[in-house]
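This report concerns only the one structure given below.
The values are calculated or read from the model by the stated rules, or taken from the named source; none is laboratory data. As the structure is a prediction and not an experimental result, all values here were calculated from the model. Here the Cβ positions follow ideal geometry from the backbone for every residue, glycine too, while neighbour counts run over all protein chains shown. Each accessible area value is taken on the protein alone, full model and side chains, heavy atoms only, with ligands, DNA and RNA left out. Shrake-Rupley method; radii C 1.70, N 1.55, O 1.52, S 1.80 Å.
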Amino acid sequence: MAERKPIESWLTDMDGVLIHEGVPIPGADSFLKRLKESGKPFLVLTNNSMYTARDLHARLARMGLDVPAESIWTSALATAKFLDNQHPEGTAYVIGEAGLTTALHDIGYILTDHEPDFVILGETRTYSFEAMTKAVRLINSGARFIATNPDETGPSAEGALPATGSVAALITKATGKKPYFVGKPNPLMMRTGLNSIGAHSETSAMIGDRMDTDVLAGLEAGMETFLVLTGLTSRDNIDRYPYRPTTVVDSIADLVDRV
């Protein structure tokens, strides 16, 4: 294996790496403190499109984790960046929360249900049959279908919740049209994130708790990858995949001295 260059920037997933069910994972605060002291650029990533970066900054601060809003990169921001490059100042019918609608407003998009250029599906806790029916009809009428991420379920204190990928599958079944998923494991989310902090994949690392999103996205973006075992992937599950992370560690605490 070719020797990699020293790590000059870090990307890390949020849920399962820094926090778990609203509680900081031991070592997360030390890792973030060391990152800020090092001066190295970093991003905290999440496929969840519900919240703005400012919202997430406030939520993490209440847990005792200090992450500047400009160091948070969501699938909603990545989706907005993608659309701003592909189809500037377009129109969209959106199923989602403030994180997604704010990101689209910020790039000059008009949100409408009248002949939109796109139907954009994101995370919400209130998926409605009426909204999904409208999305189906607009896609059948020619609107292009975008989804913020392919995650089929999301975590909650009560158990798994249906997420964007599950609702996208329903709309696909009704329309025959598959969405373009912007979030992880699409390496586009990683590359746009790296660009936003002026980083290069050859000298960057991705930390995650999922083989099928975090590790895969980092791998395909050309980054060094670290899998932590504090989330959804256990050590026994790693060999189920045809690819491997660069390094497996028990938790983020094991990476404090790597910064």
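A few remarks follow.
- Entry comment: accessible area of the chain is 48 Å² per residue, from protein heavy atoms only and a probe of 1.4 Å.
- Charge-dipole axis of the stretch 1-129 as Lys and Arg at +1 and Asp and Glu at -1 on Cβ define it, positive-most pick from Ala78, Thr91, Leu45: Leu45
- Compactness relative to 2.2 N^0.38 Å, alpha carbon Rg of the stretch 1-127: 1.22
- Where only DSSP H runs of four or more residues are counted, the chain gives -9000 deg cm²/dmol as its mean residue ellipticity at 222 nm, each run worth -39500 (n - 2.57).
- Working note: Debye formula, equal point scatterers on the alpha-carbon atoms of the stretch 142-201, no solvent; log10 I(q)/I(0) at q = 0.13, 0.23 Å⁻¹ is -0.46, -0.90.
- Pair-distance distribution P(r) for the stretch 103-241, from all Cα-Cα distances in 10 Å bins starting at 0: 11, 33, 33, 20, 4 percent.
- Charging the Cβ of each Asp and Glu at -1 and of each Lys and Arg at +1, and nothing else, the dipole of the chain about its Cα centre rounds to 320 debye.
- Of all accessible heavy-atom area on the chain, the percent that carbon and sulfur account for (1.4 Å): 49 percent
- Against the main long axis of the alpha-carbon atoms of the chain, helix 187-196 sits at an angle near 70°.
- Per residue, the convex hull spanned by the Cα atoms of the chain amounts to 129 cubic angstrom.
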